[in-house]
Amino acid sequence: MAENSVPHVVVVGGGFAGLYLTQGLADAPVRITVVDRQNHHLFQPMLYQVATAALSPSDIASPIRSILRKQANVEVIMGEVTDIRPSDRVITLADGGSMQYDYLIIATGVRHSYFGHDEWETYAPGLKSMEDAEEIRRRVLLSFERAEREPDPVKRHAHLTFVVVGGGPTGVEVAGALAEVRRYALRRDFRHIDPGEATVMLLEGGPRLLSSYPDELSERAKLELRRLGVEVRLETLVTDITPSYVVAGGWTIPTRTVVWAAGNIASPLTRSLGVPLDRAGRVMVEPDCTAPGHPEVFVLGDAAAVPDKTYGTLPGICPVAIQMGQYTARAIRGDLAGKPRRPFSYWDKGQLAVIGRGHAVADIWHFHFAGMLAWLIWIFVHIF
């Protein structure tokens, strides 16, 4: 840091953690540079609704510059960080530029992991970005269009079979939304096919859905999905995906549309720190959310592996990212005031997952419930 200048805080990633950190330093004596590959902040919890044509992209995306335009100490750069040199406190951008920092915030999120089968991504896109959602929506709608013109009943059935891989919150929500698209949104739009006869399958390799939820809510989610007509298959590992079929649990499932929701891996940027990572590539952070050996580098949100007594490792959900961003803003303010850092502590407000209209499951403060009440709470929380 140059003499008489204020500390430079570089925030890599404009998601929940990055934005809440930046806003938490609004009147702090620092200058902030936010770097993101996209020029918009994405409300990821609703991304599946864009993928299933229930919402348009503009409904869940807001320009980062617009969100932060009133914050005088912030500059926003659209760019991709490709390397970090912690010893020099320098980041490198894809366009060849570089930037020095006094504090570095890595909040780059995660991408989908195919467990060593990256070739599957072409046939089974994941759901992490707006581009992913738009591609899935294109494939879903195109499958109905192709089925409308397909005279061969076997080929038509393949077009009308939708396979979701992974029984976590994203997989459950996507499967439920696809079932409703089939039953309601498109029911009367075609002349030669009945969209209501389409098959939606949810494949989960483990023994139950929503593994981070209590057993009773996992069971309720499974029953509700089956009520919507979703074929739920547990302990069914996918072993191959091709353009025309999926192989899982010894079954060959003819399909042209597959959605991947089975695994995550952190941004490769975390590897350039040269610190311990977990199997998903997340940084195994210190109690103050910093990279080991680098108290000036904070790793937040999905890019961080944070130990927790309840979960083992904190889940990659928005409340965790938000609280980490708020905590880090307080930590930096404390540094500037000469105060010691306190460990990060997560306040668990609960979990919500929606399963079609009028039904959700909720695990809030040790209260477990499902149905309309959970769905109304889900709506209120997301609108708020």
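On the stretch given as region 260-297, residues that are part of a helix (DSSP H, G or I) and open to solvent by 60 Å² or more (accessible area, probe 1.4 Å) total 2.
Applying the criterion of being free of Cβ contacts under 8 Å to residues at least 60 places away in the same chain and closer than 30 Å to ARG111 by Cα to the residues of region 144-174, the residue that is most open to solvent (accessible area, probe 1.4 Å) is GLU145. Selection over region 187-206 of residues that are surrounded by fewer than 19 Cβ atoms within 10 Å (Cβ to Cβ) and either of a type in the set (Phe, Trp, Tyr) or farther than 18 Å from TRP260 by Cα (or both) gives a count of 9. Cβ separations smaller than 9 Å between residues 6+ apart or across chains give the following pairs from region 34-45 residues that are part of a loop (DSSP other than H, G, I, E, B) to residues that are modelled with pLDDT under 90: PHE43/HIS382.
What tally of residues in region 125-142 results from selecting those that are in contact (Cβ under 8 Å) with a residue 12 or more places away in the chain and more than 16 Å from the chain's Cα centre (by Cα)? Please lay out each step first, then the result.
So in region 125-142, the residues in contact (Cβ under 8 Å) with a residue 12 or more places away in the chain come out as 125-130, 132-134, 136-137, 139-141.
Filter once more, so that each one left must be more than 16 Å from the chain's Cα centre (by Cα): 137, 139-141.
Selection size over region 125-142: 4.
For (1) of a type in the set (Asp, Glu); (2) at positive phi, each residue gets a yes or a no:
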residue: GLU286; (1), (2): yes, no
residue: PRO292; (1), (2): no, no
residue: GLY301; (1), (2): no, yes
residue: ALA305; (1), (2): no, no
residue: LYS309; (1), (2): no, no
residue: GLY312; (1), (2): no, yes
residue: PRO315; (1), (2): no, no
residue: CYS318; (1), (2): no, no
residue: GLN323; (1), (2): no, no
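For region 207-256, the set of residues classified as over 17 Å from GLN351 (Cβ atoms), open to solvent by 30 Å² or more (accessible area, probe 1.4 Å) and among the small types (Gly, Ala, Ser) consists of GLY229, SER244, GLY249, GLY250, listed by residue number.
Within region 128-143, can one find any residue that is assigned to a loop (DSSP other than H, G, I, E, B) and either aromatic (Phe, Trp, Tyr) or open to solvent by 30 Å² or more (accessible area, probe 1.4 Å) (or both)? Please lay out each step first, then the result.
Our first condition is that a residue be assigned to a loop (DSSP other than H, G, I, E, B); within region 128-143, this holds for 128-129.
With the extra rule that they be either aromatic (Phe, Trp, Tyr) or open to solvent by 30 Å² or more (accessible area, probe 1.4 Å) (or both), the set shrinks to 128.
The answer is yes, given that some residue of region 128-143 is assigned to a loop (DSSP other than H, G, I, E, B) and either aromatic (Phe, Trp, Tyr) or open to solvent by 30 Å² or more (accessible area, probe 1.4 Å) (or both).
Check SER62, SER113 and return the single one that is out of contact with any helix residue (DSSP H, G or I) (no Cβ under 6 Å at 6 or more places or on another chain), open to solvent by less than 70 Å² (accessible area, probe 1.4 Å), in contact (Cβ under 8 Å) with a residue 12 or more places away in the chain and over 24 Å from VAL283 (Cα atoms). None of the other options fit; the residue is SER62.
The values are calculated or read from the model by the stated rules, or taken from the named source; none is laboratory data. Predicted model only: the values in this text are computed from it and were never measured. A quick note on method: Cβ atoms are made from the backbone with ideal geometry, for glycine too, and the neighbour counts reach across all protein chains shown. The area values use the complete protein model at the heavy-atom level, side chains included, leaving out ligands, DNA and RNA. Shrake-Rupley method; radii C 1.70, N 1.55, O 1.52, S 1.80 Å.
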